[in-house]
Every structure is written in structure tokens, then in C-alpha cells.
Amino acid sequence: MSDLELVRAAIAAREHSYSPYSNFAVGAALLCADGTVYGGCNIENAAYSPGNCAERTAFFRAIFDGHRDFDAIAVVGGPAGEPVGELCAPCGVCRQVMREFCDPATFRVLMGTGPDDFVEATLEELLPHGFGPENLNR
Ligand code: THU
């Protein structure tokens, strides 16, 4: 799957967003090393704090299915009902979840600004000096 196809998969996943409180719809598409792609959307809650981000929805779906190796994730977000325009960068909690399962030097985060455009960063660039599983495996 090409990078733009992954961005478009995130745009499609965004259609599933349940975001009645923020009205900010987010979609993600996670590319596993074997080529499988998992979509995710943000899922909000009337009690607010139980809400889940699109990126973590995608990761948790993939982890449950047994995947542990990931290459890239595409993320898109913006006001619900409007096409994607502005860049939506993953929140700190989602970056930390990525850090648990991904190599910071090679895992790529594609932040889509539309179906034909994205800004790319490695996880290391988004979360420098991160804390990960190896810190506990002495
Ligand atoms: N959100 C995501 O799903 N991913 C991000 O990277 C940023 C924020 C969601 C959480 C909440 O449902 C809404 O966007 C507004 O913060």
C-alpha cells in the first residue's frame, strides 16, 4: 500500500468517528508489517474522559488480532462534516502507545492534510527521548 493510499484509508476511517462532544472527527489507518491495515476513529463519551483517540482505536484493534510489528500510521482530523484540511498531529498519549510497539527510528507517522497530501515524521521526531519497554527490561 502506498503512503497516499494509507492517508486515504484514514480519511475513510474518519467516517466512523463518534465525536458528538468535540465535533472534531479523526481517522487513522495503521499499516502492519505484513501489509494488513487497521482503521480507527475517535470514540467520545458523555463522561468525557473515557473517550479514545483514532490512533489508539487502530492500535488496539490490531494488537487484539495478534499484530506486533508496525510500519506506519496515517492520521487525519478536523471539524466533523468538513473535508480534511488542517494537519492533525497525534496527541501525547497516542505517541506513547506507539512507543510501546514501534521502533521510534523507523515507524512513520503520516499526517494527512487531504487525500493527496501529508506531512511525515518518524515517531522519534514526535517523541524524542521517549520512555519504552526496554527501560524496564534490565
Ligand atoms: N483526537 C484523536 O482522535 N486523535 C488525535 O491525535 C487528537 C485528538 C480526538 C480526541 C477527541 O475525540 C477529539 O479528537 C478532540 O480532541
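The values are calculated or read from the model by the stated rules, or taken from the named source; none is laboratory data. Keep in mind that this is a model prediction, so the values were computed, not measured. Don't worry about glycine lacking a Cβ; one is built from the backbone with ideal geometry, like all the others, and counts go over all protein chains shown.
Considering only segment 32-52, state which residues are closer than 21 Å to S17 by Cβ and either in a strand (DSSP E or B) or among the small types (G, A, S) (or both).
V37, Y38, G39, G40, C41, I43, A46, A47, S49, G51, N52
For a quick check of your reading of the model, give me the residue pairs whose first member lies in segment 98-111 and is closer than 19 Å to N135 by Cβ, whose second is at pLDDT 95 or above and of a type in the set (D, E, K, R), with beta-carbon atoms closer than 6 Å and at least 6 apart or on different chains.
P104/E124; A105/E124
When the residues of segment 11-31 are filtered to those that are of a type in the set (A, V, I, L, M, F, W, C) and within 11 Å of the ligand (Cβ to nearest atom), which remaining residue is surrounded by the fewest Cβ atoms within 10 Å (Cβ to Cβ)?
Only one residue tops the list, namely F24.
Can you tell which of E134, E124, E55 is acidic (D, E), outside any strand (DSSP E or B) and surrounded by fewer than 12 Cβ atoms within 10 Å (Cβ to Cβ)?
E134
Of the residues that sit in segment 58-87 and are among the aromatic types (F, W, Y) and not in a strand (DSSP E or B), which one is nearest to A12 (Cα to Cα)?
F59
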